[in-house]
Amino acid sequence: MALSRRTLISGAAAGAGLATLTAAPHAAAGQAAPAGHAAPAGERATPRGRSLLPTASRNSVFTRSGAGPLYWNIYGWSFPHNAAIPEDEWKANIDWLARDLAPHGYTMACTDGWIEGSSRTTEHGYITSYNDSWTHDWAYWADYLARHGMELGVYYNPLWVHKAAVADRSKTVTGRPDVKIADLVADGDFFAAGIGGDTLYWVDVARPGAKEYVQGYVRHFKNLGVRYLRVDFLSWYEDGRDANLGSVGRAHGRANYDKALAWMSEAAGQDMELSLVMPHLYQHAEVEIRHGDMVRIDADADRGGWDRLSGGRQDWQNLWPNWFNPFAGFTGYADRSGRGQLILDGDFLRLHTFASDDERRTCVSLMTIAGSPLAVADTHADIAGHTWAYTNEEVLALNRQGLVGKPYFRNATSYADDPAARDTERWAGQLPDGSWAVALFNRSDGPAVRELKLTALGIHGTAHVRDLWKHQHLGRLDTLRAELPAHGCLLAKVTPDRPSAARYQAAFAAWGGGAGFGNTLAGHEAMGYARIAGEDQSVTFAVEAPRAGTYRLDIRYHASQAARLTLGVERPDRTVVTPPRPLAFRPTSDRWATLSGRIRLDKGENLLTLMRTAGDSGSIALNYVDLG
């Protein structure tokens, strides 16, 4: 079944390997040093799926593609009705989706909660349909969607065991006929004991057969053609705590939580996208980034509207949800997003619940600039003429190019500790072709002016600016300045004149393994730079090459002492284009310098990663890379 935007790229990427790069002499502060030269070594590309760079994240083909998927979800029907969606209503919405939204890329229909009414299971305890009242099973609807050029997404947690399967002693664990489904659970260990959750048990991952059951559940859905699995209530499993309800069940512990997610990730492989919902994200998503593709970073969409998008609690708390609204959540986890890291999920969009078109444009613009899924939860019955906000092709083009932007960083302090460290109302992201998307937001209740100088993007002089909602060219500008109505926004495409080399800024790239932001060194370009200082820390740039071949590469860096790091190039589908090679960085004292050479790229999109592996040493501040 096709994966729409996430269709895995096929085909070999043969070509030469990495040229050895030689550090150039020191330059004056703020200027690049003369470039060194080297000849490329010839090596063949590695087949898809055999990424050679070590990572501190799941680093799947889904996260490497950048932004989240476009899809429709049943939440907008089930939440207001507080009930499972009827099958005829599900079909009516799929038919609407196929007609009005699928042509624009919304090619998945996904179920959501209200799942306790699904008790019919296979011989191994796996549910066969969304609800017992439905006539048709998962396989029927997967086929129905496929016949309309779409696909099925499923909401379910592989750690759940329905009490009907526990009660049936004929049910056994897949691959373990000696283990009954009933043997996987502890008495009274319900998903939400006493508050409506006595239908589902939690799996005890310490018991024999638990791994086979959990991984079998993932494969059960994969075998049905499901390529997107939303795994919910993870915080309740980890420690049994809820910010509003207090204790909701037994704590299973961080080690068991880590183990369970690792099992799911292993079973999902590169063929299923794992969306992790309601995680506590302790230690800044330390566990989730290793095993998941996508994480929820704010509270539920609930009734929708501006209060859920921008209002509510504005500060951080150390349990789910860390931040209440997506503006704060996206900003707080912006250092965890980007190619190969995490897709940040701002939850569902219910555009009919907003009070104005300005608010609707802001909602879609925020989700787009942050790289979130665009998850439609309006229904065929309540969309009320607002489809236009979901189908702006100039906006959707940013998602298709994998845009994952960042808010403006004022300093390197955690946003949880210092809300002034990052600006929730000014965002920018660089696209693989070197152009930019910029979003300015007005979260206040009255008119306001917002602006961003293009020097924050490393653009000196002017660039072409286009308003993507008005479909108008704004001219050549050196500053984006907008007089915005209450709750309004400007979403613009910024295209610099293409010089002999395309420049990619590290401050807007993907930071992995704890690599982070800095702006205290004098002479840097753009809003700042990235720091690579510890093992498995990395910076990844998505770069587009017009043709396959060898390109000049200049790396602008700052290092107080000599450092050795590793550079490699892969495609988003994990095909290795340029095998990893060590680079030696000379100390630069108080100046910036350039490491120069040549590198092999494939035609189209390449992921260029500079990282510190176990065999490397030292640290650098990375300002940008030039490709020409």
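The values are calculated or read from the model by the stated rules, or taken from the named source; none is laboratory data. What you see is a predicted model, and the numbers here were worked out from it, not measured in a lab. Cβ placement follows ideal geometry from the backbone for every residue including glycine, while neighbour counts extend to all protein chains displayed. For the accessible areas, the whole protein counts, side chains as well, though only heavy atoms, and no ligand, DNA or RNA atoms are used. Shrake-Rupley method; radii C 1.70, N 1.55, O 1.52, S 1.80 Å.
Order K180, K603 by their accessible area, 1.4 angstrom probe, all chains in place, largest first. Don't skip to the end; give the middle numbers.
Details: K180 65, K603 150 Å².
Accessible-area ranking of K180, K603, largest first: K603, K180.
Above 13 Å lies some portion of the pair distances; for the stretch 297-339, what is it as a whole percent of all C-alpha pairs?
Working: 436 of 903 pairs.
Summing the P(r) tail past 13 Å for the stretch 297-339 gives 48 percent.
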Length gained, T128-D497, 0.36 nm per residue minus C-alpha separation, equals 127.3 nm
Under the Karplus relation with 6.51, -1.76 and 1.60 and θ = phi - 60°, whole-Hz ³J(HN,Hα) for the stretch 285-290, x at Gly and Pro, equal 6, 4, 7, 4, 5, 6
Please give the Cα centre distance for the stretch 96-122 versus the stretch 135-161, rounded to the nearest Å.
7 Å
Surpassing 28 Å at the alpha-carbon level, of the pairs K91/K222; K180/K259; K91/K470, are K91/K470
Note down the relative contact order for the stretch 55-174 as a percent, whole number, built from C-alpha pairs under 8 angstrom at least six residues apart.
26 percent
Quick check: from the Cα gyration tensor, does the chain come out rounded (a/c under 1.5), prolate or oblate?
prolate
The stretch 515-526 - phi-based ³J(HN,Hα) in whole Hz, Karplus 6.51/-1.76/1.60, Gly and Pro as x:
4, x, 8, x, 8, 8, 7, 5, x, 6, 8, 6
If I ignore ligands, DNA and RNA and count only protein heavy atoms, how much of D536 is accessible to a 1.4 Å probe, in Å² to the nearest 10?
40 Å²
Could you grab the relative contact order for the stretch 491-602? Cα pairs under 8 Å, six or more apart, rounded to a whole percent.
24 percent
So how exposed is T424, as accessible area in Å² (1.4 Å probe, rounded to 10)?
20 Å²
With every protein chain left in place, what is the accessible area per residue of the stretch 444-587 in square angstrom, probe 1.4 Å?
39 Å²
Accessible carbon and sulfur surface of the chain relative to its total accessible area, %, 1.4 Å:
49 percent
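For R400, R443, R581, R556, give me the order by solvent-accessible area with a 1.4 Å probe, most accessible first, ignoring ligands, DNA and RNA.
On the way: R400 110, R443 45, R581 65, R556 5 Å².
Correct descending sequence by accessible area is R400, R581, R443, R556.
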Antiparallel DSSP bridges in the chain: what percent, to the nearest 5?
80 percent
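For Cα pairs less than 8 Å apart in space and 6+ apart in sequence, what is the mean separation divided by the residue count of the chain, i.e. the relative contact order in percent?
Values: 1642 pairs, mean separation 112.1, N = 628.
Computed over the chain, the figure is 18 percent.
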Where the only charges are on Cβ atoms (+1 Lys, Arg; -1 Asp, Glu), what is the dipole of the chain about its Cα centre, to the nearest 20 debye?
2320 debye
List the residues whose amide H sits under 5 Å from the amide H of V179, counting only those 5 or more places along or on another chain, with H placed 1.01 Å from N in the peptide plane.
V173
For the chain, take the longest principal axis of its alpha carbons; what is the angle in degrees between that and the long axis of helix 138-147, to the nearest 10 within 0 to 90?
50 degrees
In order through the stretch 341-349: 3J(HN,Hα) via Karplus (6.51 cos²θ - 1.76 cosθ + 1.60), integer Hz, x for Gly, Pro
9, 10, 8, 8, 9, x, 6, 6, 9
Gap in Å between the Cα centre of the stretch 349-365 and the Cα centre of the stretch 497-530?
32 Å
Would you work out if the stretch 408-521 is rounded, prolate or oblate? Take a ≥ b ≥ c from the square roots of the eigenvalues of the alpha-carbon gyration tensor; rounded if a/c is under 1.5, else prolate when a/b is larger than b/c, oblate otherwise.
oblate
So the angle from the long Cα axis of helix 210-223 to the longest Cα principal axis of the chain, reported in degrees to the nearest 10, equals 80 degrees
Please report the accessible area of Y156 (heavy atoms, 1.4 Å probe, ligands and nucleic acids excluded) in Å², nearest 10.
0 Å²
Check the straight Cα-Cα distances from K406 and name the lysines below 21 Å, setting aside those fewer than 8 residues away within the same chain.
K453, K493
From largest accessible area down, sort S500, S275; use a 1.4 Å probe on the protein chains.
S500, S275
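Per residue, how much accessible surface does the stretch 220-368 expose to a 1.4 Å probe? Answer in Å², no decimals. Working shown, then result.
Details: 4200 Å² over 149 residues.
Ligands and nucleic acids excluded, the result is 28 Å² per residue.
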